[in-house]
1. Determine, for 43, 91, the number of other Cβ atoms within 10 Å of each Cβ, and report the residues in order from fewest to most.
2. What are the radius of gyration and Dmax of region 2-145, computed over its Cα atoms and given in Å?
3. Defining a contact as two alpha carbons under 8 Å apart and six or more residues distant in sequence, what relative contact order in percent does the chain show?
4. Largest first and to the nearest Å, give the Cα extent of region 81-146 along each principal axis.
5. Just to be sure I understand: with springs between alpha-carbon atoms less than 10 Å apart, which residue in 105, 87, 128 has the highest mean-square fluctuation in the Gaussian network model of the chain?
6. If each residue's Cβ is checked for other Cβ atoms within 10 Å, how do 33, 6 rank with the fewest at the top?
7. Could you list, bin by bin from short to long, the percent of Cα-Cα pairs of region 41-97 in 5 Å steps?
8. Output the relative contact order of region 36-105, whole-number percent, from Cα pairs under 8 angstrom with separation of 6+ residues.
């Protein structure tokens, strides 16, 4: 496990958060119901959602939290009552190797990427792991050619 962690961190060397930021991310209105969030989960491969109020991102919510809300509160409960209130912000210019541990510790969360005091996108562990995998394949192909 330690080798995987070290190798993953090495693959991120020299890259910044803005290199992997997701600019297209699923959104749910804070005034929507759990029922509509469940429909979004079932209709896509998305696991993390950005909660919006009047066009502004205010919180996040993941599919596990949506399922838990459905189980405990019911489908008519409002998203603003069940959304994750712990927002995590990452600066777009941060080195990925420096924020890797933060991302690892918050695997189930969608993190907001900020640049010049504005949100420019999101980042989650799935996106980061895909980036690592793609870089690893690219590096291996270059080595195979030599």
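A short reminder: the numbers here are calculations on the coordinates, not readings from a lab. Here the structure is a predicted model, which is why all the values come from computation and not from measurement. A quick note on method: Cβ atoms are made from the backbone with ideal geometry, for glycine too, and the neighbour counts reach across all protein chains shown.
1. 43, 91
2. 16.8, 57
3. Details: 214 pairs, mean separation 42.0, N = 146.
For the chain, the relative contact order is 29 percent.
4. Largest first, region 81-146 extends 55, 27, 17 Å along its Cα principal axes.
5. 105
6. 6, 33
7. Once binned at 5 Å, the Cα pair distances of region 41-97 give 4, 16, 23, 22, 18, 8, 5, 3, 1.
8. This gives 24 percent for region 36-105.
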